[in-house]
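Colleague: Pasting a structure here, questions to come.
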Amino acid sequence: MLLFICSLSSLGLWAQGGDDPVLLTVNGMPVNRSEFVYSYQRNKSQNDGERVTASDYLERFVDYKLKLAAALDAGYVLPNSVSDSPATAERQVYNKVEVEKCYRQVCQAYGNQDLVYPAQILLSVDTRASSAKAEKVKVRIDSVYNALQRGADFAELARELSDDVTATCGGEMGWVAPNQLLEEIERTAYSLRKGEFSLPFQSPAGWHIVKLIDRQPARSETVHQWYLAPRMVKSGGVLPSADDQNLAREYNEGMLISQMTQQTIYDQPEPAEKDLKRYFKKNKKRYGKKLKKRDFPLVRDLVLADYRQFQEQKWVVDLRHRYKVKVNKSILRTIE
C-alpha cells in the first residue's frame, strides 16, 4: 500500500514523552499510559458489543508486548527506536524532501485518477462466529445506520463503536488510492458522493458503514497539502500527532510480531497426527456434537488451525515465565 507505507512507515512517526507516565515495563521496555490507552480505546469493544475492562485488556496487551520482546531478542529490528525524551521527539519529524518524494510517487502511480478520503464504522465478526452472534452484529450495524439517518454524528459513533484501527480518528482512513482497500470498501467508497454514507455492507472483516469525506485527483493541491501536512515545527518538518505516532508504532511492532509468530509457530513442521487426533478428541464439541472419531478427516484442517493457536498460547505462557513484567497499578486505576 503506497500511501500507507509512505505516510506511516518510511517517514518514521515515533516518540512519546513529556508527563506521560510509564504504565508497565516488559523485559525492561517501558510502555507509557497513552500508548496503552490508545490500544485499549480501539479494542475494548467485543464482537458481541460487550466491553472489557482496562485490567482485563491489559492481559492481552502484555501478551502482545511479550511477543515483541521475543522478536527483538531474536534479532528483529524496529525501523525507528522509540524515545521517551521530549527533546528527541521534537527532532523526530517528517523530512520535507521525503514527503515531496512520497507525493511524487503517488502522482506517478495514479496520475489523474481520483483518491478518496473515506471514513468507516466497522463491527467485526469472526469468521467462525456462531450464526446467533453474527446476527447480533447485524442488528447492531442496522441500529448504527438508523442512528446516522436520524442525524447522529458519524465520527462520534466511529469513536464509540468501531472495531477498526481508525476508531480514535473518528473512522477517518486518510487519502487512499485504487487497490488499497478491501474490495467491498473500495467499491462502496468510490460509489458515494462527498458527504454521503453507505448502507451497511459485509466484508470478510465484518459489517461496515462507509462515509465519503472527500474525493480529489491524485495530483490535486488538496492531496499535496495533505502530504505536506499543516503541523509545522521550527525544524521545518512536520511533527506527527499522538494518534499518528501510536498507529505507526503499532504497525511496525505488529510487523515484527507477525514475523516472529510465523517463524515460531506456523513455519514449523506440522504436528504429529497423533497429537492432532488427541486434540480433536479433547475438543470434539467444538467441531459439532455428532462428530465421531472416524470423522476426524472431515475437520482436520480446522483442527490443525486450532492446534496452531493452542501452540501459540503455550508459547505466550512460556514468554511470561521468560520475561519480567511490572505494572504500575495506581496508574492502571486511572484508566478504569
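Colleague: Answer yes or no: is there a residue in segment 75-94 that is at pLDDT 80 or above, among the basic types (Lys, Arg) and open to solvent by 20 Å² or more (accessible area, probe 1.4 Å).
Modeller: Checking segment 75-94: not a single residue is at pLDDT 80 or above, among the basic types (Lys, Arg) and open to solvent by 20 Å² or more (accessible area, probe 1.4 Å).
Colleague: Now for a different question. Checking Ala305 against (1) without any contact (Cβ under 8 Å) to a residue 12 or more places away in the chain; (2) touching a helix residue (DSSP H, G or I) at 6+ places or on another chain (Cβ under 9 Å); (3) open to solvent by less than 50 Å² (accessible area, probe 1.4 Å); (4) of a type in the set (A, V, I, L, M, F, W, C), which single condition isn't satisfied?
Modeller: Ala305 satisfies every listed condition except (2).
Colleague: I would also like to ask the following. When the residues of segment 196-217 are narrowed to those that are part of a loop (DSSP other than H, G, I, E, B) and modelled with pLDDT under 95, which ends up nearest to Met173 (Cα to Cα)?
Modeller: Taking the candidates together, the pick is Ala205.
Colleague: Related question: So how many residues does segment 100-153 have that are out of contact with any strand residue (DSSP E or B) (no Cβ under 9 Å at 6 or more places or on another chain), part of a loop (DSSP other than H, G, I, E, B) and open to solvent by less than 80 Å² (accessible area, probe 1.4 Å)?
Modeller: 4
Colleague: A further question on this structure: Quick check: is even one residue across segment 304-323 assigned to a loop (DSSP other than H, G, I, E, B) and of a type in the set (S, T, N, Q)?
Modeller: no
Colleague: Now for a separate question. Confirm whether Thr168 is out of contact with any strand residue (DSSP E or B) (no Cβ under 9 Å at 6 or more places or on another chain) and in a helix (DSSP H, G or I).
Modeller: Here the answer is yes, as Thr168 does meet what is asked.
The values are calculated or read from the model by the stated rules, or taken from the named source; none is laboratory data. Just so it is clear, the structure is predicted and the values come from calculations on it, not from any experiment. Heads up, the Cβs are rebuilt from the backbone with ideal geometry, glycines too, and the neighbour counts pull from every protein chain shown. Accessible surface is based on the protein model in full, side chains and every heavy atom, while ligands, DNA and RNA are left aside. Shrake-Rupley method; radii C 1.70, N 1.55, O 1.52, S 1.80 Å.
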